[in-house]
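Engineer: Here it is: the structure, laid out below.
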Amino acid sequence: ITATVTNFDGMDYRSIASTPTEEEKKLKRVEEGAQIPQTTIHTQENLVRLHKRGRMLVAPYEAIRFQRLDLFAVTLRQIGAYMGRMHLEDAVKVLKDGDGNNNAAKVYEVGSNPIGGSKGALSYDALLAFWAQFDPYTMNTMLVSNDMMLAMLKLSEFQNPNTGLNFQATGKLTTPLGAKLLRSSAVPAGTIIGLDKNYALEQICGSEVVVEYDKLIDRQLERAAITSVSGFAKLFTDAAKVLKV
């Protein structure tokens, strides 16, 4: 869901942004000799804080000596998956609430203009109205909570034979809107986050995943610390919006 990844050596990062007006977004014809319209890029007022995520894997000598190393590789992969989940929670929070630079996503609610429908009930018409709010961006990715995923699967429009066959064969649901649908418990219940993944989010990596080992001889323990430092910044505010059901 990230548009770009920036590697940065530090703990505080200042991103850039461009806030053109509706008139400035139009690439009008420029007559010969006339001045070319400008779009200004500026640094954000507030810093983006990077956070360290990590876990310590501790094992006694006996566990390592008498067990297969493949089991520890599985455990390390699981820790990596947990770290990825925490990074996703950070990304979802930034998409919804912004990165501290007054760039929170606009929130629409079912049952109110311009979405319409009945509050508390998800309909295909509400999804279409939400999709229509993204011009000039394209809603090509949807992050949904577990309950919203179930609600979508129950819509008749999502029970198209081709959609069903693809979901049953691959576990990936192709939406009639053409957006890639991603389910995550990091998204609050009753919430759908739509975004143009090409313009919405920047991931800042303070460090790659670092794995360090040491031994405690007096207790015969081996330890492995797995850590990662990263954060997220909003690039274009209107490229991400939230739908509350």
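The values are calculated or read from the model by the stated rules, or taken from the named source; none is laboratory data. Quick caveat, the model's predicted, so the values are computed rather than measured. Cβ coordinates were reconstructed from backbone atoms using ideal geometry, including for glycine residues, and neighbour counts include every protein chain displayed.
Engineer: Are any residues in region 198-244 among the basic types (Lys, Arg) and surrounded by fewer than 18 Cβ atoms within 10 Å (Cβ to Cβ), and if so, which ones?
Structural biologist: 215, 219, 223, 244
Engineer: Taking region 135-160 on its own, how many of its residues are closer than 13 Å to residue 194 by Cα and either at pLDDT below 90 or not hydrophobic (A, V, I, L, M, F, W, C) (or both)?
Structural biologist: 6
Engineer: Which condition number in (1) outside any strand (DSSP E or B); (2) surrounded by 13 or more Cβ atoms within 10 Å (Cβ to Cβ) is the one that residue 108 fails?
Structural biologist: (1)
Engineer: Please note which strands (runs of 3 or more DSSP E) are completely contained in region 191-245 and include at least 3 residues that are over 30 Å from residue 74 (Cβ atoms), aliphatic (A, V, I, L, M) and in contact (Cβ under 8 Å) with a residue 60 or more places away in the chain.
Structural biologist: So the answer is 191-195, 240-244.
Engineer: Just a yes or no: is a residue in region 86-99 in a loop (DSSP other than H, G, I, E, B), touching a Ser or Thr at 6+ places or on another chain (Cβ under 9 Å) and without any contact (Cβ under 8 Å) to a residue 24 or more places away in the chain? Steps first, please.
Structural biologist: Going residue by residue through region 86-99, those that are in a loop (DSSP other than H, G, I, E, B) are 98-99.
When the remaining residues are screened for being touching a Ser or Thr at 6+ places or on another chain (Cβ under 9 Å), the result is 98-99.
Filter again for without any contact (Cβ under 8 Å) to a residue 24 or more places away in the chain, leaving none.
No, there is no match, as no residue in region 86-99 is in a loop (DSSP other than H, G, I, E, B), touching a Ser or Thr at 6+ places or on another chain (Cβ under 9 Å) and without any contact (Cβ under 8 Å) to a residue 24 or more places away in the chain.
Engineer: Say whether the condition of being under 33 Å from the mean Cα position of the chain (by Cα), hydrophobic (A, V, I, L, M, F, W, C) and in a loop (DSSP other than H, G, I, E, B) is met by at least one residue in region 32-40.
Structural biologist: no
For (1) surrounded by 14 or more Cβ atoms within 10 Å (Cβ to Cβ); (2) of a type outside the set (S, T, N, Q); (3) not in a helix (DSSP H, G or I), each residue gets a yes or a no:
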| residue | (1), (2), (3) |
| --- | --- |
| 79 | yes, yes, no |
| 115 | yes, yes, yes |
| 120 | no, yes, yes |
| 125 | no, yes, no |
| 139 | yes, yes, yes |
| 150 | no, yes, no |
| 157 | yes, yes, no |
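Engineer: OK, next. Looking at 121, 59 in this structure, which one is among the small types (Gly, Ala, Ser) and more than 30 Å from residue 155 (Cβ to Cβ)?
Structural biologist: Residue meeting the stated conditions: 59.
Engineer: Pull out all pairs, ordered by first then second residue, where Cβ-Cβ is under 9 Å, the residues are six or more apart or on different chains, the first lies in region 101-130 and is farther than 16 Å from residue 148 by Cβ, and the second is of a type in the set (Lys, Arg) and part of a loop (DSSP other than H, G, I, E, B).
Structural biologist: 112/119
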